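> Would you mind keeping the following structure in view while I ask a few things?
Bear in mind that the values in this text are calculations on the coordinates, not laboratory data. Owing to the predicted nature of the structure, the values given are computational and were not obtained by experimental measurement. All Cβ positions, glycine included, derive from the backbone under ideal geometry; neighbour counts span all protein chains shown.
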Amino acid sequence: MLRSAPASRFAWPILIAVSLLIAAPPVWGQQSYISRFDLFTGYTFLDSPHVGLFENGFHAQSGVRLRTWVSLGVDYSITAGNLTLTPNLLLPALQQQLGAELAGLAAAGLLSPSYQLVVPAHSKTQTFAAGPQLASHHWTHFTLFVRPSVGAIHEVATPHPGDPIATLVANQLAPTGYKTDWTAFYGAGGGVDFLVSKHIAIRTQADLVYDHLFNDLLKDGRLTVRFSAGPCFNFGQNMAK
């Protein structure tokens with residue numbers, strides 16, 4: 001199975017942001033301009049180690065500040081990458097069914113006893129979220145923020161089997177040639193805006209969420225890390241006044 005870095009490796013920005021936001025003293029002077037609106041666009045990746053999935057893509061956010069410390073916003077990301085499906089990821093009933101089919105082929109001499117079933121697939125994922133974000137502006141040159149991460153995730157997986165047996169299995173699991181699903185996700189996120197100027201910042205952020213896509217095929221849910229970085233544009237009324 002394709003391996004990727006564990007989710008905990010990329011969760012540290014969330015933990016740092018939460019810790020500093022809670023303990024933040026007003027050092028170096030508070031920011032004199034806190035914008036009413038902000039808009040972020042940038043690069044993002046999704047990492048779901050349990051299914052060997054790593055995707056690259058685009059992330060966008062927009063928010064309106066209700067108070068200096070709280071905003072409401074919307075969040076969207078689209079990513080694409082590859083995963084590898086192996087029998088141990090499937091529901092127990094599907095594992096038994098595939099095991100019996102492979103054993104029958106092996107007994108008939110049509111399959112090597114050492115054969116390992118692997119079904120590579122291409123995945124395209126979209127996430128949609130909305131909700132509050134809490135921020136601390138106690139530093140002149142950067143802003144820390146944390147948020148709940150709750151929303152919906154849509155994924156399309158297209159198998160690309162590499163041998164006749166894998167092709168047969170892929171046709172059973174995805175008769176239309178692809179598999180698509182919607183489900184909810186939940187978790188938490190946070191990050192930091194490094195202020196380049198009054199209206200421009202460089203944002204780095206991460207979210208750690210749980211979902212259970214394709215629960216008609218996969219026995220387990222998964223933890224997914226989303227990390228993103230890019231410019232953030234601040235504009236509108238000064239909420240610090």
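> Quote the charge dipole size of region 7-238 about the Cα centre in Debye, to the nearest 20; the model charges only the Cβ of Lys and Arg (+1) and of Asp and Glu (-1). Spell out each step's value before the answer.
Details: 12 positive and 13 negative charges, 158 e Å.
Taking the Cα centre of region 7-238 as origin, the dipole is about 760 debye.
> Please build a GNM for the chain, connecting alpha carbons under 10 Å apart, and tell me which residue among Leu223, Leu110, Leu195 fluctuates the most.
Highest fluctuation among the options: Leu110.
> Go ahead and estimate [θ] at 222 nm for the chain from helices alone: -39,500 (n - 2.57) per DSSP H run with n ≥ 4, summed, over the residue count, rounded to 500.
It lands at -5000 deg cm²/dmol.
> Name the residue farthest towards the positive end of the dipole of the chain from the options Ser136, Ile165, Gln30, assuming +1 on Cβ of Lys and Arg, -1 on Cβ of Asp and Glu, about the Cα centre.
Comparing the listed Cα positions along the dipole, Gln30 ranks first.
> Once the other residues with Cβ under 15 Å from the Cβ of Pro231 are scored (Lys, Arg +1; Asp, Glu -1), what is the net sum?
0
> How high is the FRET efficiency between Thr180 and Ala107 when r is their beta carbon distance and R₀ equals 30 Å, given to the nearest 0.05? Present the calculation step by step, with values, prior to reporting the outcome.
Numbers: r = 35 Å, r/R0 = 1.18.
Step by step, r from the Cβ atoms, then E = 0.25.
> Let me ask you something else. Report, in degrees rounded to the nearest 10, the 0 to 90 angle that the Cα long axis of helix 12-23 makes with the longest principal axis of the chain.
Its long axis makes an angle of about 30 degrees.
> To continue, here is another question. Using alpha-carbon pairs under 8 Å, 6+ residues apart, how would you state the relative contact order of region 7-238 in percent? Walk me through the numbers on the way to the answer.
Details: 580 pairs, mean separation 60.7, N = 232.
Computed over region 7-238, the figure is 26 percent.
> Next question. Quick check on region 7-238: what does the Kirkwood estimate of hydrodynamic radius come out to from the alpha carbon pairs, in Å?
Evaluated on region 7-238, it is 19.7 Å.
> Relative to the first principal axis of the alpha-carbon coordinates of the chain, what is the inclination of helix 92-107, with its axis defined by its Cα atoms, in degrees from 0 to 90 and to the nearest 10?
That works out to roughly 40 degrees.
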